[in-house]
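First up is the structure itself, then whatever we jot down about it.
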Amino acid sequence: MSKPIILMVDDQKIVCNLVSSMLKDTYEVLTFTEGKDALRHLQGNHADLVLLDYDMPVMTGYEALMEIRGNKNTADVPVIFLTGVTNQRMEQEMLERGANAYICKPIDFNLLRQKIGQHLKNP
C-alpha cells in the first residue's frame, strides 16, 4: 500500500527538510519552497494533504489557500498551516477561509501528526 502524499510548502528549505525527515516514515513528503511551484504540481498530481507556511515572499500562504480552494480538483484537499505567524486573528481568518488547522512554529510534532491524522482519510 502506498503512503499518503503530503505537500510541504515553506520558503525555508531547512523547515521543509525537518518536516520531511520527521514524517517520511509514515508519509511521502514532497517539499516546495514556493507556493506557485506547489500549485503547479497540484494541477497534474494528487496530494492527500498540504502543509503550508503563511509568510512567504512570492505568494503568501493565504493566496495559495485561495487557489487550492478555488480549483474544483483541489478544493477538498486538507490544508494545515504550519507557520511562525502567531496571530489569533490571522488563525481565525485562515480557518474561516478554508484551512483545516493552524499550527504555530516552533513545530510540535506530536500535534502535527495528530492534526494530519485527523484530516487524512487513511492516516
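FYI, it's all coordinate maths here, none of it is from the lab. Nothing here was measured: the structure is a model prediction, and the numbers come from that model. Because the Cβ atoms are built from the backbone with ideal geometry, glycine has one as well, and the counts that use them run over all protein chains shown.
Residues of region 90-123 with an amide N closer than 14 Å to a point placed 7 Å from the Cα of residue 26 along the Cα-to-Cβ direction: 108-123.
Report the gain in length on full extension from residue 85 to residue 60: 0.36 nm times residue separation, minus Cα-Cα distance, nm rounded to one decimal. Please report the intermediate quantities before stating the final value.
Values: separation 25, 0.36 × 25 = 9.00 nm, distance 1.17 nm.
Working it through step by step, the gained length comes to 7.8 nm.
A helix-only calculation puts the chain at -12500 deg cm²/dmol for mean residue ellipticity at 222 nm, using -39500 (n - 2.57) for each DSSP H run of at least four residues, averaged over all residues.
Other residues within the sphere of radius under 15 Å centred on the Cβ of residue 111, judged by their own Cβ, net out at +1 (K and R +1, D and E -1). Computed over neighbours whose Cβ is under 11 Å from that of residue 5, the net charge equals -1, Lys and Arg +1, Asp and Glu -1.
When 21, 2 are sorted by how many other C-beta atoms sit within 10 angstrom of their C-beta, beginning with the fewest, the order is 2, 21. The alpha-carbon of residue 105 sits under 29 angstrom from the alpha-carbons of these lysines, leaving out residues fewer than 8 places away in its chain: 3, 13, 24, 36, 115, 121. Charge tally around residue 41: other residues with Cβ under 14 Å, Lys/Arg +1 each, Asp/Glu -1 each, net -3.
Ranking 62, 54 by Cβ neighbours within 10 Å, fewest first, what do you get?
62, 54
Derived value for the chain: Kirkwood hydrodynamic radius 14.1 Å. Basis is the mean of 1/r over every pair of different alpha-carbon atoms. Taking amide H positions as modeled 1.01 Å from N, with prolines and chain starts lacking one, the residues under 5 Å from residue 8 and 5 or more places away or on another chain are 30, 31, 32, 51.
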